[in-house]
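Take a look at the structure set out below.
The values are calculated or read from the model by the stated rules, or taken from the named source; none is laboratory data. What you see is a predicted model; the values in this text were computed from it and never measured. Every residue, glycine as well, gets a Cβ built from its backbone with ideal geometry; the counts of neighbours run over all protein chains shown. In case anyone asks, the SASA skips ligands and DNA or RNA and just uses the protein heavy atoms, side chains included. Shrake-Rupley method; radii C 1.70, N 1.55, O 1.52, S 1.80 Å.
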Amino acid sequence: MNTRTLSPEDYWRAVASRKWLVISAILVSLSLAGVVCALMPKIYQSATKMWFEGAKIEESIVSGPNPAGGVYAPTLDDRVMEVRQFVMGRKTLGQIAGEFGLFGYEKDRPDASESENAIRAMRGAVKVEPTKDKLFITLSFSNEDPIIARDVTSRLSDLFIEETLKDRERGVEAAEDFLGLELKHAKAELEVKEKIISEFKQQHLGELPQQIDANLRKLDRLQDDMRSQSEQAQNLTNRLAQIDKSIKDYEETGEISDSPVGGSSRRNKDPRLGRIKELERRLVELSSMYKETYPDLVQVKEEIKKLREMTSAQYRDLLPDSEGSEEPIAGKKSKRKALDPYHAELLRQKEEIVLELDAVKRHQAHISVEISQYERRVEHTPEREQKLKTLERDYENLQKNYQSLLDKKLSAGMQKSLAQGRKGAKFSIVDPAYTPVVPVVPNIPLIMVAGLALGCVLGFGGAVGLELMGRGFRSAEEVEITLGLPVIASIPLYESAFGGSMQTVRALSGKNRTSALLLPGHGKHDDNLQPSGGLPATSLGKHRGPNGQLNNPTPGLELVSMWRPLSFVAEQYRVAATRLELMTGDRKSTAVVVTSAVMGEGKSSTALNLGYVLAKDLDRRTIVIDCDLKRPMQHIYAGVWQQPGLAEVLRGTKVVEDCIQRLGESGPWILTAGGVGDNPLALSKMHQLADLITELKEEFDYVIIDAPPVLPLADMQVLASMGDLLAYVVKASMTGRDVVQKALRVIGDTTNVGIILNGLDAHTTPYYMQQEYYREAHHEQLK
């Protein structure tokens, strides 16, 4: 059973139609709930609210030292568990049960089975739980006597508060002793760690992390000194090379002047000019390397100045060869060189530079040693820093632990003083136990609400269930699953083809039936139109109305395939006709019986639309016979004259050629019911109808038989055997499933039965039946 197709309106209709069933179910359920409330024993519950308050004392002084060194803040759940453990204890419950004589507890025999049962009953009656706002703890006790419930609750809370204060005092004393030992041990560890840190710093002095900046600055200064000394050594080396070159040049110049070959030229040459040039070269070299204030540079300038002030004779007087020209030339040369002040000055400067260069190199070696020393210090600093951090971290932890223990010891002393004065942390009674007035068992509001809910479920469920059991089919899937027969087509409501409500469609249909509007070619006599096989057409379409008029009535709007050929309704009739073609197989001619379980399911309009589609769209020679002689409708829907028709043919007053009428130029042929009057034909005439259908099958491709409904009448049981196929029309959401199934059982053989589900509404029409293409086509037709 597919319940997903039920709409809210269907549910409401089911409930409204069975409202007394729903009301009765609700009243009965409420009555039963009232009886249950009256018969159940009444249990009263008294409760008290407690709140933990007092000084902010570290809970770790009672439960032991906290390794994290923080304050332990118990949650409300912890407090609830603490209260529950005390009040649920055997000792406490036994004491209360003995004082109040509850549940048959025996003081003298606490281990007896009666006492054990009393303890279990007490545990079931006591409840400890937090309030909804998570601020208080509720202690409650339930009993049949409200006075006992109040007294037991009050006694339990008093016992717990007294025992809590005693336990806290004992815990504080034990914690104080424990903390004293821990303090002593922590102090000894702290002193040992201090000694280790001091020795480490002394041993690695200069490599400690706090000295890293000083070492780096010292190293930078040493490196700067090293660079300065290197530059100085380079300068001294350059000067030494220059002096050596000057000495060499001077000595070479002297040898050339003293040669015997050029003696006259030596005497004529001015040695003072040569010396001035030498000093000028020296001045240029020193100016390129040093500032103007450099001593050597100043000395060279002064010497050049003095030489320029002298005359050549004065300068020669300073030379050694001016006193004795009789000595040998070699002796004169040696003596001049030995007594030459310039040469002596050069030699002196060379010696000073050599000494200074040696001192610079020794200083460089000393600086290099110091650099190596400070580099080692810098390299070892991270290792020393890591080790020192470890030592200091351990020392800080020990120090924190020592301080925490010291604080806890002080807190323990204060807590002891407060506990002795009963002013410390405690459970206080916020809301004392009260005498209950309303019982908690039975819970009358809850039971009544449950009874109401049960009544609603039974009432509404029963109404909907009965609706589901008796409701009609709402989809092709339901039909195929329930009946096991194929669905030829699913026809939507006709209003979907005309774009209005069914009231509008019916009104428009009635107007058309009385109008003089003629479709092209409809109702006109056409001697050239006759079915194959030679049926004469001379009398076709020439029938007059009751007053002899020749004007023809107009087809009703039930013939949707003609009025709205592009609608989805017409398309579904074409689908049905196509599937009938497939079911026909190799038959030359086929008789299709169209029926339904009861009247009002749309079988007559379905038969006419099938005939019209077969003739118009599939170009099949088709005739529609109105065999529903008790309620004929084909002459109304097709817009043809009712008489003469089938009744006259079966009575023998007319031949079939004079009774058939054609719907338009290419529509189906119609054989109406004829003049049935108040005396319908007897079943004995049905054998003539069988012969007539056989005769018509020779002339037409399809013989569509509009048969009466199955259940009310007996005619259908005879007509069912006259057709090759049976199209069984089912009104969607209207015809009950049991009615449909009963009618199929009456038919018997369902081998060649196909279902046409008619009248699908908007809630159950598949989405592909509501495409914009068909709606646009309808609008075009309306224009």
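Taken one residue at a time, the phi angles of segment 160-165 give Karplus couplings (6.51, -1.76, 1.60, θ = phi - 60°) of 5, 5, 5, 5, 5, 5 Hz. Gly and Pro are set to x. Peptide packing for 284-292, 444-452 was compared via the average number of neighbouring C-beta atoms within 10 Å per residue; ordered from the highest value, the list is 444-452, 284-292. Which residue, chosen from Gly104, Phe136, Val87, occupies the Cα position most advanced towards the positive end of the dipole of segment 79-153, where the dipole is computed from +1 (Lys, Arg) and -1 (Asp, Glu) charges on Cβ about the Cα centre? So the residue we want is Phe136. Among Leu205, Asn235, Ser246, whose Cα sits farthest toward the positive end of the charge dipole of segment 176-250 (+1 at Cβ of Lys/Arg, -1 at Cβ of Asp/Glu, about the Cα centre)? Positive-most Cα among the choices belongs to Ser246. Using the average count of surrounding beta-carbon atoms within 10 Å as a protection proxy, the listed peptides 667-673, 600-606 rank, highest first, as 667-673, 600-606.
Using the structure shown, list the pairs from Lys301/Lys350; Lys218/Lys291; Lys630/Lys654; Lys91/Lys134; Lys19/Lys630; Lys697/Lys731 with a Cα-Cα distance above 27 Å, or answer none. Result: Lys218/Lys291; Lys91/Lys134; Lys19/Lys630; Lys697/Lys731 exceed 27 Å.
Taking all protein chains as present, what is the carbon and sulfur share of the accessible area of segment 60-211, in % to the nearest whole number, probe 1.4 Å?
Details: 4410 of 8580 Å².
Of the solvent-accessible surface of segment 60-211, carbon and sulfur hold 51 percent.
About the centre of its Cα atoms, segment 177-239 shows a dipole size close to 320 debye [charges on the beta carbon of Lys, Arg (+1) and Asp, Glu (-1) only; nearest 20 debye].
Only the Cβ atoms of Lys and Arg (+1) and of Asp and Glu (-1) were treated as charged; on that basis the dipole of segment 67-176 about its Cα centre amounts to roughly 280 debye. Taking the square roots of 5 times each eigenvalue of the Cα gyration tensor of segment 585-645, largest first, gives ellipsoid semi-axes of 21, 15, 11 Å.
Mind putting a number on the dipole of segment 112-251 about its Cα centre? Charges go on the C-beta only, +1 for Lys and Arg and -1 for Asp and Glu, and I need it in Debye to the nearest 20. Before the final figure, lay out each step's value.
Numbers: 22 positive and 29 negative charges, 115 e Å.
It comes to approximately 560 debye.
Each peptide in 397-405, 12-20 was scored by the mean count of other Cβ atoms within 10 Å over its residues; highest first, the order is 397-405, 12-20.
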